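Inspection log for the structure reproduced underneath, given as structure tokens.
The values are calculated or read from the model by the stated rules, or taken from the named source; none is laboratory data. If you're wondering where the values come from, they're calculated on a predicted model, not measured in any experiment. For neighbour counting, all protein chains shown are included, and Cβ atoms are generated from backbone atoms with ideal geometry for every residue, glycine included.
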Amino acid sequence: MRLLFAAAVGGLMVVATLSTPASAWQCMARSTNGAVGLGSGIILERAQKFAIRRCIAAGGNVSGYACSIRYCR
């Protein structure tokens with residue numbers, strides 16, 4: 001009986017985990033010289049930081065062209 005109960009609980013946990021949608025933020029940062037950076041994360045602030053860092057790495061902060069967040073969804 002315990003084995004059946006444990007299997008039922010385990011099965012319900014798997015179903016509950018698989019049926020929830022992924023909830024992650026995705027942001028894009030762009031600079032006026034065309035450099036783009038994309039970032040994603042569960043927390044909005046982290047997704048924004050990743051996008052800004054990747055935009056800077058792509059050449060966004062060269063000669064005063066600053067990267068800024070264009071959208072997050």
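For this structure, a couple of remarks:
- Subset of segment 26-60 that is buried (at least 20 other Cβ atoms within 10 Å of the Cβ) and among the small types (Gly, Ala, Ser) - its residue that is modelled with the lowest pLDDT: GLY60
- Qualifying residue in segment 65-73 (condition: outside any helix (DSSP H, G or I), on the phi > 0 side of the Ramachandran plot, surrounded by fewer than 16 Cβ atoms within 10 Å (Cβ to Cβ) and without any contact (Cβ under 8 Å) to a residue 60 or more places away in the chain): no
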